[in-house]
Each structure stands twice: as structure tokens, then as C-alpha cells.
Amino acid sequence: MHVQVGIIGVGPAGLLLARMLSLQGISCVILEAQTRAYVEGRIRAGLQEQGSVDLLTEVGLAERLHKEALVHDAVEIAFDGVRHRIDLHALTGKHVYIYGQHEIVVDMIAMNLAAGVPMIFEAEATALSGLEGDRATINYRHAGEDKTLTCDYIAGCNGFHGLARDALPAGIRRDFDRVYPYAWLGILAQATPVTNELIYCHHPSGFALFSMRSPEISRCYLQVPPDEKPENWSDDRIWTELQNRLGTKSELTIPVGPIIQKGVTGMRSFVCEPMQYGRLFLAGDAAHIVPPTGAKGMNLAFADIYVLANALTAFYKNNTTELLARYSEMALKRVWRAEYFSWWMTSMLHIDPTANAFDQKRQIAELHAVFGSEAGQKLFAQNYVGLPFGM
């Protein structure tokens, strides 16, 4: 089988690329190692930047999002026992949207299948070849058989642990990595969210985040050691610690309900340069990881795809390779801005177990400097709602 673009990974990046290419009449196939049910059931991030929503709307993938998403004008940052409301819309003219990543994946799978995009589940890519030649090949295993897919270009959208990034030769690849000395204990609970807006908390006991998936479902996080076990945390202990970190001065009482999901997620920053080699292009988690504090993971993947889809379209419509040659350069500008913001927000709000008394006082001073001034709030808001795509 031969197509113009072979896409590895049925995640947000691969699905959005397939949609944008199909609208331009560019043929593609998506290979996915997992089952459709597994992919659609993976609970991931839930905050969409304005630019992501605008792009999804433009390509016809946001009908249900606009009906069901929670539109937020602001977030709150709590420290020293006081909550500071950051009016994102007043500062930037933009909103953020709460709509689960798995819901977007469900919508995009259905739309791509309806448009006739071939999507092969339980098809694990095993090797890539021909990246420097006239035609690239993806070897994959499906239904117990070894098969091949040839294509003009390959889009590696198969996540941090996929094989695409390893196809870059060691001589040209450079990895930038930072592992944080803490993790998040995340829960999904059948409980009314504590407020209508997200609350990020800096507390001496550790960071906490109060978020939601709907008016009936809360999504909350607690900073824990990276080797923490979820089973060490009973439901009562979780609710007690969440209330503690929200602070006694907050005048808010957390609604308690059954916890339906619980897990610990490590935190790291990672970037692979370059994001392309020959006929292979990396996008999303295959090329970069951000700590979840700034909610940039999926939004950054969409920004990559915006650049890549436009570059592929320019090649097939206008026979120019200029944008393809500059894909890594253009994508990495926004990647590193998002990496910086995610690191900055994470460092401001979490308790570093190696910090001394000076570090702790400096951290509180930084929080006051940023969120106690309009200039600081605007800098935060501009990055939080999302920088322009294709910057």
C-alpha cells in the first residue's frame, strides 16, 4: 500500500493532521498500536487554548466541543492563604476551554472515519526505512502478519515512547531533558467542582490544583514524591489534604464525592532537536514533553500540526519544499516558549524538596511580584491562553 503521508499514532496530533490533509485531498493512513476502545478511553488533559479551539473549529472538529465545553474567563492562583483571580479575558481578549482530550479524540476518530481516512488499529510500527531516499517505508505488524506501508513522508505522532524519534541518527539528534523531583497524584471524582474556575495552589505541604471535567466531575491533583504509590492515599486522606492545601483562609469547602480514578504521574521537560530528518517529521509528545502545570501538551501538539500540515499542503499544491525544510525551525520556536512557561509555572508553584529557607522566601516573593502586578499577570495570561500558532 502507498499513500502520500503515513501517520503513526491515533492521538490528537495524528488525528488532526489526518483531518487537515484529507480536507486538501492529500492521501494518508494512520497506524495505531492500541485498540480503538483503548485510545478513546485514555483520560488526559482537559484544557484547550483559544488557538486550539479556533483551529478545531476551522477544520470542522469542534461541533460537540462548542456545545459541551466549559468556557473560562479566568483562573485563580492561591498562595499565602489568599486567592488571586487572574482575568484572562480582560488581559488578553481570549478564553480557555475545559473539554477532555479523550472527548476530542473520540470526535476526531469519528470525523476521520466518516471522511474515509484509513485508520488501522492494533497495528504496531516496528521499523522505519528509506528516510533519505525517494520513498519512505513503515514496517508494521497487524493481525499476526508483518506488513509494509510506503509513503512520500512519515509523521511520527506516536508519543514519547514510540519508535519514530529513535529513527533520527545519533549524530544529528540532541535531547534536552529535565526530570522534576516531584509528581502529581491525580484523581477524578464524582463531586461538584469547588469553584467554576481552576485554582492553582502553592502551599508549604505542596502544590494542589482544583480543576473539573464537567459541572458534576472534579479533576484534582496533589504534589507528591515521584515514587509515591496511589494505594498509599485513601479517599479520606486525599480530600483532607486537598482541603488543607486550598487553605483555611480560602473560605471554600471542597465538595466530597466518590473517587472514580486515581494515579501518579511523573513530571519532566523534554525536547528533541531537530524535529525532522529526511522524510520523517516528529510532532507532539514524540518530539517534546512539558510538565502538566501549564496545560500545554496537547495544545503544543496542535501547534506542531498547524505548521506541518501547512508545509505538506504547500508541497502537494504548489510543489515547494521550503516550508517542509523549515518545519523543525518553525515548530521549535513555539516549543521552547511553551517549555519555558511550563517550567516557570511549575517552579513557582511547587515545593522543591531540595530548597532551603532562602529559596522558599524567594519563591513567595516571586509569586507576589508576578501576581501582585498587572504587568506580571498579563505576562502570565498571554502565555496561559496560548501564543499564536505558526509564530
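The values are calculated or read from the model by the stated rules, or taken from the named source; none is laboratory data. In this text, all values refer to a predicted model and were calculated from it rather than measured experimentally. Cβ sites come from the backbone with ideal geometry, for glycine too, and all protein chains shown count toward neighbours.
Taking the criterion of being under 17 Å from Phe389 (Cα atoms), touching a residue at least 60 places away in the same chain (Cβ under 8 Å), in contact with a strand residue (DSSP E or B) (Cβ under 9 Å, 6 or more places away or on another chain) and in a helix (DSSP H, G or I), would at least one residue in segment 310-318 satisfy it?
Looking for residues that are under 17 Å from Phe389 (Cα atoms), touching a residue at least 60 places away in the same chain (Cβ under 8 Å), in contact with a strand residue (DSSP E or B) (Cβ under 9 Å, 6 or more places away or on another chain) and in a helix (DSSP H, G or I), one finds at least one in segment 310-318, hence yes.
Take Ala331 and decide whether it is assigned to a helix (DSSP H, G or I), closer than 27 Å to Val264 by Cα and in contact (Cβ under 8 Å) with a residue 40 or more places away in the chain.
Details: assigned to a helix (DSSP H, G or I): yes; closer than 27 Å to Val264 by Cα: no; in contact (Cβ under 8 Å) with a residue 40 or more places away in the chain: yes.
For Ala331, the condition - assigned to a helix (DSSP H, G or I), closer than 27 Å to Val264 by Cα and in contact (Cβ under 8 Å) with a residue 40 or more places away in the chain - is not met.
From the set of residues in segment 330-342 that are touching a strand residue (DSSP E or B) at 6+ places or on another chain (Cβ under 9 Å), among the hydrophobic types (A, V, I, L, M, F, W, C) and buried (at least 17 other Cβ atoms within 10 Å of the Cβ), which is farthest from Asp177 (Cα to Cα)? Working first, answer last.
Start the filter on segment 330-342 by keeping residues that are touching a strand residue (DSSP E or B) at 6+ places or on another chain (Cβ under 9 Å), which leaves 331-332, 335-336, 338-339, 342.
Narrowing the set further to residues that are among the hydrophobic types (A, V, I, L, M, F, W, C) leaves 331-332, 335-336, 338.
Going one step further and asking which of them are buried (at least 17 other Cβ atoms within 10 Å of the Cβ), we end up with 331-332, 335, 338.
Values: Ala331: 18, Leu332: 15, Val335: 14, Ala338: 14 Å.
This residue is Ala331.
Quick one: which residue in Lys67, Lys94 is touching a Leu at 6+ places or on another chain (Cβ under 8 Å) and charged (D, E, K, R)? Walk me through how you get there before you give the answer.
Numbers: Lys67 fails: touching a Leu at 6+ places or on another chain (Cβ under 8 Å).
After applying the criteria, what remains is Lys94.
Would a scan of segment 131-140 turn up a residue that is in a loop (DSSP other than H, G, I, E, B), at pLDDT 95 or above, over 26 Å from the mean Cα position of the chain (by Cα) and surrounded by 14 or more Cβ atoms within 10 Å (Cβ to Cβ)?
The answer is yes; a qualifying residue exists.
Looking only at segment 192-234, which residues are over 20 Å from the mean Cα position of the chain (by Cα), of a type in the set (A, V, I, L, M, F, W, C) and in a loop (DSSP other than H, G, I, E, B)?
Scanning segment 192-234 gives Val194, Trp233.
Can you name the residue in segment 348-371 that is polar (S, T, N, Q) and in contact with a Pro (Cβ under 9 Å, 6 or more places away or on another chain) and, of all such residues, is nearest to Ile86 (Cα to Cα)?
Of segment 348-371, the ones polar (S, T, N, Q) are 354, 356, 360, 363.
Now restrict to residues that are in contact with a Pro (Cβ under 9 Å, 6 or more places away or on another chain): 354, 360.
On the way: Thr354: 30, Gln360: 23 Å.
Out of the qualifying residues, it is Gln360.
Taking the options Pro230, Pro255, Pro226, name whichever one is in contact (Cβ under 8 Å) with a residue 60 or more places away in the chain, out of contact with any helix residue (DSSP H, G or I) (no Cβ under 6 Å at 6 or more places or on another chain) and not β-branched (Val, Ile, Thr).
Working: Pro230 fails: in contact (Cβ under 8 Å) with a residue 60 or more places away in the chain; Pro226 fails: in contact (Cβ under 8 Å) with a residue 60 or more places away in the chain.
After applying the criteria, what remains is Pro255.
Against the definition (more than 27 Å from Arg245 (Cα to Cα), crowded, with 19+ Cβ neighbours inside 10 Å and either at pLDDT 95 or above or touching a Pro at 6+ places or on another chain (Cβ under 6 Å) (or both)), how does Met345 come out, yes or no?
Values: more than 27 Å from Arg245 (Cα to Cα): no; crowded, with 19+ Cβ neighbours inside 10 Å: yes; either at pLDDT 95 or above or touching a Pro at 6+ places or on another chain (Cβ under 6 Å) (or both): yes.
Considered against the rule, which asks whether it is more than 27 Å from Arg245 (Cα to Cα), crowded, with 19+ Cβ neighbours inside 10 Å and either at pLDDT 95 or above or touching a Pro at 6+ places or on another chain (Cβ under 6 Å) (or both), Met345 comes out as no.
If Glu251 satisfies every condition in (1) outside any helix (DSSP H, G or I); (2) closer than 23 Å to Glu49 by Cβ but one, which is the exception?
(2)
Take the residues in segment 215-239 that are modelled with pLDDT under 95 and over 11 Å from Ile187 (Cα atoms); name whichever of them is surrounded by the fewest Cβ atoms within 10 Å (Cβ to Cβ).
Among them, the one singled out is Pro215.
Counting only residues that are in contact with an Asp or Glu (Cβ under 7 Å, 6 or more places away or on another chain) and modelled with pLDDT under 95, which one in segment 141-168 is surrounded by the fewest Cβ atoms within 10 Å (Cβ to Cβ)?
The initial filter retains those residues of segment 141-168 that are in contact with an Asp or Glu (Cβ under 7 Å, 6 or more places away or on another chain), namely 141-142, 159-160.
Filter once more, keeping what is modelled with pLDDT under 95: 159-160.
Working: Gly159: 19, Phe160: 14.
The extreme case among them is Phe160.
Would you be able to say whether some residue in segment 93-103 is part of a strand (DSSP E or B) and free of Cβ contacts under 8 Å to residues at least 60 places away in the same chain? Let's see the steps before the verdict.
Initial filter on segment 93-103 (part of a strand (DSSP E or B)): 96-98.
Then keep just the ones that are free of Cβ contacts under 8 Å to residues at least 60 places away in the same chain; that gives 97.
Within segment 93-103, one or more residues are part of a strand (DSSP E or B) and free of Cβ contacts under 8 Å to residues at least 60 places away in the same chain.
Pull out all pairs, ordered by first then second residue, where Cβ-Cβ is under 8 Å, the residues are six or more apart or on different chains, the first lies in segment 210-223 and is closer than 11 Å to Glu197 by Cα, and the second is buried (at least 19 other Cβ atoms within 10 Å of the Cβ) and basic (Lys, Arg).
Short answer, once both residue conditions are applied: Ser211/Arg219; Met212/Arg219.
Spot the failing condition for Ala62; the list is (1) touching a residue at least 60 places away in the same chain (Cβ under 8 Å); (2) hydrophobic (A, V, I, L, M, F, W, C); (3) within 30 Å of Gly263 (Cα to Cα); (4) out of contact with any Cys (no Cβ under 6 Å at 6 or more places or on another chain), and only one is missed.
Here Ala62 clears every test but (1).
Every residue in segment 352-379 that is closer than 27 Å to Pro226 by Cα and in a helix (DSSP H, G or I), please. Show your work before the answer.
Of segment 352-379, the ones closer than 27 Å to Pro226 by Cα are 352-367.
Scanning segment 352-379 gives Ala357, Phe358, Asp359, Gln360, Lys361, Arg362, Gln363, Ile364, Ala365, Glu366, Leu367.
Between a first residue in segment 264-280 that is under 17 Å from Asp177 (Cα atoms) and a second residue that is acidic (Asp, Glu) and assigned to a strand (DSSP E or B), which pairs have beta carbons less than 9 Å apart while being 6 or more apart in sequence or on different chains?
Hits for this filter: Arg268/Asp177; Ser269/Asp177; Phe270/Asp175; Phe270/Asp177; Val271/Asp175; Val271/Asp177; Cys272/Asp175; Glu273/Asp175.
Looking at segment 266-286 only, could you name the residues that are in a loop (DSSP other than H, G, I, E, B) and of a type in the set (A, V, I, L, M)?
So the first thing to find is which residues in segment 266-286 are in a loop (DSSP other than H, G, I, E, B), and the list is 274-275, 278-279, 283.
Once the filter is applied, which keeps residues that are in a loop (DSSP other than H, G, I, E, B) and of a type in the set (A, V, I, L, M), segment 266-286 yields Met275, Ala283.
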